[in-house]
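Q: I'd like to ask you about the structure that follows.
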Amino acid sequence: MSLKIKILLGILLLLLLMQFARIDKTNPPADASKDMITMMKPPAEMATMIKNTCYDCHSNHTQYPWYTNIAPLSWWIKNHINHGREHLNFSEWGNYSADKRQHKMEECYEWVEETRMPIFSYVVAHPEAKMTAEERAKMVKWFKAFSVEVK
Ligand code: HEC
């Protein structure tokens with residue numbers, strides 16, 4: 001066997017073995033009464049937009065598309081979800097202090113305004129998460145309204 005073939009087979013074997021390390025797709029329990037959307041009551045259109053663009057990583061309602069079965073891609077995605085929830089979990093909104101909520105609203109409008117959120121690769125994979133400049137401005141405005149005063 002030539003060296004090239006050996007290396008190729010080695011890579012294939014490694015990819016195959018990786019498939020055994022599956023990610024955990026169980027969503028943590030979510031109490032609807034503590035959800036940001038339940039509590040802050042955005043207009044229906046805004047609620048849908050936030051669910052479509054943020055909730056896969058910033059809530060306990062993550063939906064896992066078919067390609068999240070493929071390692072190492074699945075590990076990379078799961079990492080985004082874990083970090084996303086760690087920083088901001090809209091399902092835990094009711095457990096945040098008033099100060100923390102206000103601060104998170106501020107972060108939200110900043111990160112959305114700077115087009116850092118939703119993460120670019122996520123938008124590529126989720127066309128429904130693509131926002132027009134106008135939609136983005138609307139979202140920024142909605143988050144901004146709460147960053148000054150939490151209602
Ligand atoms: C693909 C997963 C993903 C999506 C979708 C996503 N985020 Fe994030 N978000 C992350 C990750 C990962 C971080 C961790 C920080 C980083 O990127 O360094 C983060 C960080 C943040 C932070 C910083 C929080 C803090 O206080 O440190 C804010 C605010 C935020 N995201 C808002 C949003 C909003 C609003 C949306 C929807 C418009 C969104 N994100 C969509 C994954 C995501």
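Q: Of the residues that sit in the stretch 110-122 and are within 8 Å of the ligand (Cβ to nearest atom) and touching a helix residue (DSSP H, G or I) at 6+ places or on another chain (Cβ under 7 Å), which one is nearest to Lys51 (Cα to Cα)?
A: Selected residue: Pro118.
Q: Residue pairs, Cβ under 6 Å, 6 or more apart or interchain, first in the stretch 63-85 and at pLDDT below 95, second open to solvent by less than 70 Å² (accessible area, probe 1.4 Å) and away from the ligand (no atom under 13 Å from the Cβ). List them.
A: none
Q: Hey, which of the helices (runs of 4 or more DSSP H) in the stretch 47-151, taking only ones fully inside, have at least 1 residues that are over 22 Å from Lys25 (Cβ atoms) and under 14 Å from the mean Cα position of the chain (by Cα)?
A: Working: elements: 73-87, 98-113, 120-125, 133-148.
Answer list for the stretch 47-151: 98-113, 120-125.
Q: Restricting attention to the stretch 127-148, does a residue exist that is under 15 Å from Cys57 (Cα atoms) and surrounded by 16 or more Cβ atoms within 10 Å (Cβ to Cβ)?
A: yes
Q: If you don't mind, there's one more thing I want to ask. Quick check on my filter: what residues within the stretch 32-51 are within 30 Å of Ala133 (Cβ to Cβ) and open to solvent by 60 Å² or more (accessible area, probe 1.4 Å)?
A: Taking the stretch 32-51 and keeping what is within 30 Å of Ala133 (Cβ to Cβ), we get 35-51.
Scanning the stretch 32-51 gives Thr38, Met39, Lys41, Pro43, Ala44, Glu45, Thr48, Lys51.
Q: Name every residue in the stretch 16-31 that is open to solvent by 70 Å² or more (accessible area, probe 1.4 Å) and either among the aliphatic types (A, V, I, L, M) or touching a residue at least 60 places away in the same chain (Cβ under 8 Å) (or both), in order of residue number.
A: Listed by number, the residues that qualify are Leu16, Leu17, Asp31.
Q: State which residue pairs qualify: first residue over 15 Å from Val148 (Cβ atoms) and without any contact (Cβ under 8 Å) to a residue 12 or more places away in the chain and inside the stretch 103-131, second residue of a type in the set (Asp, Glu) and surrounded by 12 or more Cβ atoms within 10 Å (Cβ to Cβ) in any location, beta carbons under 9 Å apart, and separation of 6 or more residues or different chains.
A: Arg116/Glu110
The values are calculated or read from the model by the stated rules, or taken from the named source; none is laboratory data. Only a predicted model underlies this, so the values are computations on that prediction, with no experimental measurement involved. Glycine also receives a Cβ, built like all others from the backbone with ideal geometry; neighbour counts cover every protein chain displayed. When the accessible area is computed, the model is the full protein with side chains, heavy atoms only, and any ligands, DNA or RNA have been set aside. Shrake-Rupley method; radii C 1.70, N 1.55, O 1.52, S 1.80 Å.
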